[in-house]
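Asker: Below is a structure I'd like to ask you about.
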Amino acid sequence: MAGPALPMDDRDGVIWYNGKLVPWREAKVHALVHSLHYGNSVFEGARIYNAKVFKLTEHSARLRKSASMLAYELPYSVEQLDAATKLVVAENKLESGYVRPLAWRGAEVIGVSAIGTKVHVMIAAFPWGAYYEQKAIKIITSKWKRPSPESSPAGSKAAGLYIICTLAKDEAIAAGYQDALMHDYKGRLSEATGANLFLLIGGELHTPTTETILNGITRQTVMELARKRGIKVVEREIYPDELAKATEVFLTGTAVEVQPVGVIDKREYPVGPVTQQLMADYAALVRS
């Protein structure tokens, strides 16, 4: 039986922290940083294949966009973030794995207003394998719903938006599932707790609009791959009763890649040819 995984704060290696490499265990923040109390940090997740970060520049650009949606600007350009990421991957000698950039507001003030806080940025990189052990996962509909875009900055990868994701996923795991399917404030299908949703209906790929979800980089990549295969991709409002029409279901995300869904609630779906083809196409692309 394998031993417990290393805790994230007690590892060898280096982390890029505010412009310089620091030993892993020394990359710390104070307990009174604003973002710890108010959830306004932003982050990214990117995968490393063959010692290269897939779509690195897109991830760096989205980190800056997320921060700007939360009314602050990172003190580093996209080019500087790209260079820092490449450095930390090389210094940690990673052929494959995961990159986690994070930006947060400092401890200069403790009130709700963040005016006057300093912006900090770190980039960590570490080994990471498959997100799920199962070939096809089981997901369950969550009671938690994606909020209206008037209630949250939906296009931002902001830490605070993941509160409901953690609640939904932990409840799903406790019920014997691997993830949760979330509806949005209007009752439409939205996404899983950290991945976008695709349904094969009548030979076409249908995926929810991005009004209340993160328009994932993997989502966009898989849509391009599908179109290259001559598969029509439809972005639209999708309601839960349409799950009965789907012949295949899968999720996409940097962490999950292209992940087949075998069960939603009690309804079963096969891992069909379209899902298998897009899994293979994505695997080939990221390693090319």
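Laboratory data are not the source of any read-out in this text; all were calculated from the coordinates shown. Just so you know, these numbers come straight off a predicted model, no measurement behind them. With ideal geometry, Cβ positions are generated from the backbone for all residues, glycine too; neighbour counts draw on all protein chains shown.
Asker: Taking the highest mean first, how do the peptides 231-241, 164-174 order by number of other beta carbon atoms within 10 angstrom per residue?
Answerer: On the way: 231-241: 13.3, 164-174: 16.4.
Those peptides, ordered most packed to least, come out 164-174, 231-241.
Asker: Could you tell me whether the stretch 49-179 comes out rounded, prolate or oblate from its Cα gyration tensor? Rule is a ≥ b ≥ c as square roots of the eigenvalues, rounded for a/c under 1.5, then prolate if a/b exceeds b/c, otherwise oblate.
Answerer: It is oblate, given that a/c is not under 1.5 and a/b is not larger than b/c.
Asker: Let me ask something else. With θ taken as phi - 60° and the coefficients 6.51, -1.76 and 1.60, list the Karplus ³J(HN,Hα) couplings across the stretch 52-68 in order, rounded to whole Hz; mark glycine and proline as x.
Answerer: Each residue's phi maps through the Karplus curve to give 10, 8, 6, 6, 4, 4, 4, 5, 4, 5, 5, 4, 5, 5, 4, 4, 5 Hz.
Asker: Next question, about the same structure. What's the magnitude of the charge dipole for the stretch 60-168 around its Cα centre, counting Lys and Arg as +1 and Asp and Glu as -1 at the beta-carbon? Answer in Debye, nearest 20.
Answerer: For this selection, approximately 440 debye.
Asker: For the chain, modelled as a Gaussian network with Cα springs under 10 Å, which listed residue fluctuates most, L94, L63, L197?
Answerer: Between L94, L63, L197, it is L94 that shows the largest mean-square fluctuation.
Asker: To the nearest Å, what is the center-to-center distance of the stretch 114-158 and the stretch 194-254, using C-alpha atoms only?
Answerer: 19
Asker: Further, regarding this structure: Through the Karplus equation 6.51 cos²θ - 1.76 cosθ + 1.60, θ set to phi - 60°, convert the phi angles of the stretch 92-101 into ³J(HN,Hα) values in whole Hz; use x for Gly and Pro.
Answerer: Those phi angles translate into 8, 6, 9, 7, 9, x, 9, 10, 10, x Hz.
Asker: Label N215 and Y239 with points 7 Å out from Cα along Cα→Cβ: what is the distance between them in nm?
Answerer: Each label point lies 7 Å from its Cα, and together they span 2.6 nm.
Asker: Among K186/K228; K143/K186; K93/K138, which pairs are too far apart, with a Cα-Cα distance over 23 Å? Intermediate values should be presented prior to the final figure.
Answerer: Numbers: K186/K228 33 Å; K143/K186 13 Å; K93/K138 35 Å.
Where the Cα-Cα span goes over 23 Å, the pairs concerned are K186/K228; K93/K138.
Asker: Please work out whether the stretch 173-286 counts as rounded, prolate or oblate from its C-alpha gyration tensor, where a ≥ b ≥ c are the square roots of the eigenvalues and a/c under 1.5 means rounded, while otherwise a/b larger than b/c means prolate and anything else oblate? Intermediate values should be presented prior to the final figure.
Answerer: On the way: a/c = 1.34, a/b = 1.28, b/c = 1.05.
Because its axes are fairly even, with a/c under 1.5, the stretch 173-286 counts as rounded.
Asker: Per DSSP H run of n ≥ 4, the term is -39500 (n - 2.57); total these for the chain, divide by its residue number, and report the mean residue ellipticity at 222 nm rounded to 500 deg cm²/dmol.
Answerer: The helix contribution divided over the chain gives -7500 deg cm²/dmol.
Asker: Spin-label point model (7 Å from Cα, Cβ direction): what's the S96 to M69 distance in nm?
Answerer: That separation, rounded to one decimal, is 3.0 nm.
Asker: Run through the DSSP bridge list for the stretch 170-257 and note the antiparallel percent, rounded to the nearest 5.
Answerer: Counting DSSP beta bridges with both partners in the stretch 170-257, the antiparallel share is about 75 percent.
Asker: Restricting to bridges with both residues inside the chain, how much of the DSSP beta-bridge set is antiparallel, in percent to the nearest 5?
Answerer: 75
Asker: I need the phi-derived Karplus couplings for the stretch 214-230: 6.51 cos²θ - 1.76 cosθ + 1.60, θ = phi - 60°, integer Hz, Gly and Pro marked x.
Answerer: Computed from phi, the couplings for the stretch 214-230 are 7, 7, x, 5, 5, 3, 5, 5, 5, 4, 5, 4, 5, 5, 5, 7, x Hz.
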